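First the structure, in the form of structure tokens, and then the observations on it.
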Amino acid sequence: MINTHTCRYVIFFLVVLIMCTRLAFAEDIIGQKELWIKIDDFESKNPLSDWTKYDAQNETDPYIKNPQVTEIRVEQLSNNISSNRYLIKKAGPDGIFGNRKALSFRKLPKPIEVGDTYTLYLRLNVDSYSNNHVFGLTNLQPAGIMEKAYEAFEPSIRITDRFDPHVNYQNNGAIQVRNNPWYDIAFNAKKGKNIEPFDTDIWYEIWLVINNRKKSEGGQRYDIYIRGGTEFPLQQKVYTAADFRIKREQPLIYFQATCNSGPVEEPFGNGGLRYDDLYMVKGIDLSSPVITK
């Protein structure tokens, strides 16, 4: 027969066990963190099978069908043992100009619904200048992307060293943000001046914190963070509250990249841009989903 003292001890033990279990469960719930979702790292067996390529304004002369270069390339890593595959995008082969809207796009694995905040991560590398590239997200379906081209974008970043007649300004390769009515150059607050041009053949990490709430609720905006190169050895915020380009207030569903070699008579150049390790995560997450290579 169990005496009263033993019963009390057992009951006390059970109560403590239940409380500890509940506390551990609560801590687990509070500490839960959204996991990064891979959009593409270009390491699959058929790495371009989920991408659509479309030349919406092909004015090449002599005419070349499907002139854009959007392909997988391989780089040898510094350890000389392993390699890395990435996507390179150019408006056309070297010496070919006149492809004005070379579109490439891929569906996101999960839509960014209206009301959601997500972080988009990617690694970016300028293969060469002169060039004119824009990349970002869109809320249009493929037919809309192919019809609207640049106007399909919502969050969008530009890298170019072309002369911009719209604002009578010579660009230099520093990243720019579409913020109505035109593009702003990202800013290095620590140095108190616009950021430097991206170096060629250097991988940069970029985070876009995307607020897809309605405009009336303070949404349709995004912030930008960068790490990489000599200017940004540590992650740094370079733009706050850039406006979505159109503000359609719809779920964001595709990653889109566009480039333009300029008209045949006055080409910008068709230097390439390299993309790798595209990821997304719900909420604000400024960690890196990959081990930098």
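The values are calculated or read from the model by the stated rules, or taken from the named source; none is laboratory data. Quick caveat: nothing in here was measured; it's all calculated off a predicted structure. For neighbour counting, all protein chains shown are included, and Cβ atoms are generated from backbone atoms with ideal geometry for every residue, glycine included.
Below are the figures for this structure:
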quantity: Residue in segment 83-105 that is in a strand (DSSP E or B), among the polar types (S, T, N, Q) and free of Cβ contacts under 8 Å to residues at least 40 places away in the same chain present; calculated: yes
quantity: Residue list for segment 171-201, restricted to those being modelled with pLDDT of 95 or more and exposed (fewer than 13 other Cβ atoms within 10 Å of the Cβ); calculated: A189, K190, K191, G192, K193, D201
quantity: Residues located in segment 29-74, provided they are without any contact (Cβ under 8 Å) to a residue 12 or more places away in the chain and surrounded by 15 or more Cβ atoms within 10 Å (Cβ to Cβ); calculated: none
quantity: Selection within segment 130-170 - among the small types (G, A, S) and surrounded by 24 or more Cβ atoms within 10 Å (Cβ to Cβ); calculated: G136, A152, S156
quantity: Qualifying positions in segment 182-195 - assigned to a strand (DSSP E or B) and not charged (D, E, K, R); calculated: W182, Y183, I185, F187, N188, N194
quantity: Residue check for G98: over 22 Å from the mean Cα position of the chain (by Cα), crowded, with 21+ Cβ neighbours inside 10 Å and more than 17 Å from L273 (Cβ to Cβ); calculated: yes
quantity: Boolean, F105 is within 30 Å of E265 (Cα to Cα) and either modelled with pLDDT under 95 or aromatic (F, W, Y) (or both); calculated: yes
quantity: Qualifying residue in segment 141-159 (condition: among the hydrophobic types (A, V, I, L, M, F, W, C) and either on the phi > 0 side of the Ramachandran plot or in a loop (DSSP other than H, G, I, E, B) (or both)); calculated: yes
quantity: Any hit, segment 61-79, residues being in a strand (DSSP E or B), under 18 Å from the mean Cα position of the chain (by Cα) and within 19 Å of P263 (Cβ to Cβ); calculated: no
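Table: residues versus (1) over 24 Å from S104 (Cβ atoms); (2) part of a strand (DSSP E or B).
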| position | (1), (2) |
| --- | --- |
| P197 | no, no |
| E205 | no, yes |
| I210 | no, yes |
| D223 | yes, yes |
| K237 | yes, yes |
| T258 | no, yes |
| N270 | no, no |
| D276 | no, yes |
| I291 | yes, no |
